[in-house]
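Colleague: Below is one structure. I have some questions about it.
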Amino acid sequence: MKDHYLRNGLVADFLLGMAGGIQYRKLVKASKNPAKSSSETLRSILDYAKDTEYGKAHNFAQILQAKDDKELYRLWQKNVKLNDYEDFRPLVERHKHGESDLLFPGKPVMYATTSGTTSEPKWIPITETYLKNIYGKMTKVWLYNFIKNRPKVFHGSIVSIVGKKIEGYAPDGTMFGSVSGVTQSDCPKFVKALYASPACVYSIEDYTARYYTIMRMGIEKNVHLIVTANPSTIVEMQNNVNEWFDEYVKDIENGTLTDKIKVPEDIRREIQACLSPNPERAAELRQLKAKYGKVLPKHYWPELQILNTWKCGNTKVYLDKFKDSFPEGMLHQEFGYFASECRFGLVLDDTNYTVLFPHFHYYEFVAEEDIEAANEGKEVRFYQLHELVSGKRYCPYVTTFAGLYRYNMNDLVEVAPTGFHNTPRVFMIQKINGIVTMTGEKLHERQFIEAVQEASDKLGTPLKFFIGFAELSESRYHFYYEFVDRQTPQSKADELNKLVDDILREKNIEYDAKRKSFRVKDPVAHRLIPESFETFKAQCIAEGARDGQFKLNLLLQDEKRHSKFRKLTIEE
């Protein structure tokens, strides 16, 4: 078995070193002159899409006639407004029904689905060009980067947690699903041979069974690399280990997959074909439990080289939960600024800073202090990539080869102290504009408001006021309700809360996925005292807030304000 991993690892080192090295050098070249790369990329995207319906409607061909970069950007900003997904939805819907040449030449090869501001999910089109460049060439750079940081990273097994490759099909037959699932499925055979479990495990709907299967197969092997964007997944995987460790050992000893978990028969057969009795490893695992009691990754994967997850934004609370659980000397590398709409860049070292792709994306940025004005349609300055200032915060807008033009990422990023050659690097701070996320659920304030109103109407329990808070330390939401009927019992609040949770799961596919996978726990209901909002506002004004400028979002991640509402609840 060790010879198998070493042989495949050496092949991976050589081939990824060549392919990844070529693309890395192209990235370096583009990064040495970001001003030039940005204008060239914008012109390439305009030329690519100039004959599409969107390109014609927004005068792409005329913009291309610009004599210099200054005129190019002026014409671009004049002809193409700022966009969110809803601006593109009508054309995406037509693509889904088989029409071509709307947002880009031809049709998408797939769609990535993610939550949006409405109950309808976003269908993010992925073109062949985008898939080839971003999820092809730049993924090779990512894998090459692993080798540069830890030369033995591919000399053992890989545990990778990705989405399901195919979730379903658009009306015209184009598949939709997880881009990460597609890229893993399409990875080279010598890399695929290193994965601890087959791709079918990601089609197991029951998350306890999915985590069990991944860990039962992974814990048997000498894992050198773990890749999963969300660190809350690591927490749930270890929870599964804590609960099922003895069952893993029995399965490993006998070469089986327990019938105590819900695995569809076709998937069970495919997995079973990969298993064989391994009493030697079972004995090692029993010895580890006898020695340590609680068995951690540093015990069962002592040669782990790299753990690749998000470390920015809200993830610190999850990182703290597995602090000291992994081997000393292992590199815990930031996954990088990444969304369904756009793989913004890659982290290539031991910092949290994302290296951008100036030769594949065209980036624009609005300074933090101008974000609200930009959202209101006021004229603000848009900064080019080379104009970013270290330490300042911005909201990025991205234009891609997949039909997104001046697309608002709704994120707040900060520019790193140092760049990659001459191109600034960034790291994610948080979502903005009424979006709250703890583990990637991207819950919109509008969805929360609609869910509460629908639930209140359905149960006949009118509310005077309500508000919700994300509590990172618990990985759950706390929802606060002030009922018109002051005698409303806690049981009724709990009933309302359950219905709100159900409606949110229907409205937001990411929230539903995180609830199913236990990464977001059951929300908690609280009853508020009469005049709760008025009391809260009076407290804020007494502390210096201006009455005329007082604003309050109804879905927040704000510990200071949350603590105030905790004190305004009705105790049982």
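Colleague: Considering Cα pairs under 8 angstrom that are at least six residues apart, work out the relative contact order of the range 303-414 and quote it in whole percent.
Modeller: On the way: 171 pairs, mean separation 20.0, N = 112.
Relative contact order for the range 303-414 comes out at 18 percent.
Colleague: Pairs of alpha-carbon atoms within less than 8 angstrom and 6+ residues apart define the contacts here; what relative contact order does the range 89-155 have, in percent?
Modeller: This gives 19 percent for the range 89-155.
Colleague: Calculate, for the range 34-191, the solvent-accessible area per residue in square angstrom, rolling a 1.4 angstrom probe over the heavy atoms of the protein chains.
Modeller: Details: 6590 Å² over 158 residues.
Result: 42 Å² of accessible area for each residue.
Colleague: A further question on this structure: Distance cut-off 20 Å, Cα to Cα: go down the list LYS442/LYS514; LYS165/LYS514; LYS29/LYS67; LYS458/LYS507; LYS140/LYS189; LYS458/LYS498 and report the pairs above it.
Modeller: On the way: LYS442/LYS514 10 Å; LYS165/LYS514 18 Å; LYS29/LYS67 24 Å; LYS458/LYS507 16 Å; LYS140/LYS189 14 Å; LYS458/LYS498 12 Å.
Table pairs above 20 Å Cα-Cα are LYS29/LYS67.
Colleague: Moving on to the next point. D for the range 29-79, whole µm²/s, Stokes-Einstein with Kirkwood Rh over alpha-carbon pairs at 20 °C and 1.002 mPa s: what number?
Modeller: It diffuses with D of about 192 µm²/s by this estimate.
Colleague: Here is a further query. Let me understand the range 191-267 better: what is its radius of gyration from the alpha carbons, and its Dmax, in angstrom?
Modeller: 12.0, 32
Colleague: Quantify, in whole percent, the carbon and sulfur part of the accessible surface of the chain (1.4 Å probe; protein heavy atoms only). Write out the running numbers ahead of the final one.
Modeller: Working: 12270 of 24490 Å².
C and S fraction of accessible area: 50 percent.
Colleague: Only Cα pairs under 8 Å and at least 6 apart count here; give the relative contact order of the chain as a rounded whole percent.
Modeller: 14
Colleague: Let me ask something additional. P(r) tail for the range 6-59, what percent of Cα pairs lie past 15 Å?
Modeller: Cα-Cα pairs in the range 6-59 separated by more than 15 Å: 66 percent.
Colleague: Could you order the peptides 465-474, 350-359 from most to least packed, using the average number of other C-beta atoms within 10 Å per residue?
Modeller: Put in order of decreasing packing, that is 350-359, 465-474.
Colleague: Kindly give Rg over Rh for the range 27-131, based on alpha-carbon atoms, with the Kirkwood expression for the hydrodynamic radius.
Modeller: Details: Rg = 15.3 Å, Rh = 15.2 Å.
Using only Cα positions, Rg/Rh for the range 27-131 is 1.00.
Colleague: Among the listed pairs LYS107/LYS132; LYS78/LYS392; LYS431/LYS516, give every one whose C-alpha distance is greater than 18 Å.
Modeller: Violating the 18 Å limit, Cα to Cα: LYS78/LYS392; LYS431/LYS516.
Colleague: Could you calculate, for the range 225-276, the ratio of the Cα radius of gyration to the Kirkwood radius, expressed as Rg to Rh?
Modeller: Values: Rg = 12.8 Å, Rh = 12.6 Å.
Checking Rg against Rh, the ratio lands at 1.02.
Colleague: Counting only heavy atoms of the protein chains, get the accessible area per residue of the range 222-296 (1.4 Å probe) and round it to a whole Å² value.
Modeller: 49
Colleague: Follow-up question, since we're still on this one. So if I place +1 on the C-beta of Lys and Arg and -1 on the C-beta of Asp and Glu, and nothing else carries charge, what would the dipole magnitude of the chain be about its Cα centre? I want it in debye, nearest 20.
Modeller: Numbers: 80 positive and 78 negative charges, 328 e Å.
Taking the Cα centre of the chain as origin, the dipole is about 1580 debye.
Colleague: Which net charge results for the neighbourhood of ASP485, defined as the other residues with beta-carbon distances under 12 angstrom from its beta-carbon, given Lys and Arg at +1 and Asp and Glu at -1?
Modeller: Working: positive: LYS464, ARG486, LYS492, ARG527; negative: GLU482.
Computed value for this residue: +3.
Colleague: Starting at 0 and stepping by 10 Å, how many percent of the alpha carbon pairs of the range 238-341 end up in each bin?
Modeller: 12, 33, 31, 22, 2
Colleague: If you don't mind, there's one more thing I want to ask. Using a ≥ b ≥ c from the Cα gyration tensor of the chain (square roots of the eigenvalues), is it rounded, prolate or oblate, where a/c under 1.5 gives rounded and otherwise the larger of a/b and b/c decides, a/b for prolate?
Modeller: Note, shape of the chain comes out oblate.
Colleague: Okay, next question. Could you please tell me the mean projected area of the C-alpha convex hull for the range 165-206, averaged over all directions and given in square nanometres to one decimal? All intermediate terms of the calculation are to be shown ahead of the outcome.
Modeller: Numbers: hull surface 14.2 nm².
Seen from a random direction, the Cα hull of the range 165-206 projects 3.6 nm² on average.
The values are calculated or read from the model by the stated rules, or taken from the named source; none is laboratory data. Since this is a predicted model, take the numbers as computed values, not measurements. Ideal geometry is used to build each Cβ from the backbone, glycine not excepted, and the neighbour counts take in all protein chains shown. Surface areas here come from the heavy atoms of the whole protein model, side chains and all, with no ligands, DNA or RNA. Shrake-Rupley method; radii C 1.70, N 1.55, O 1.52, S 1.80 Å.
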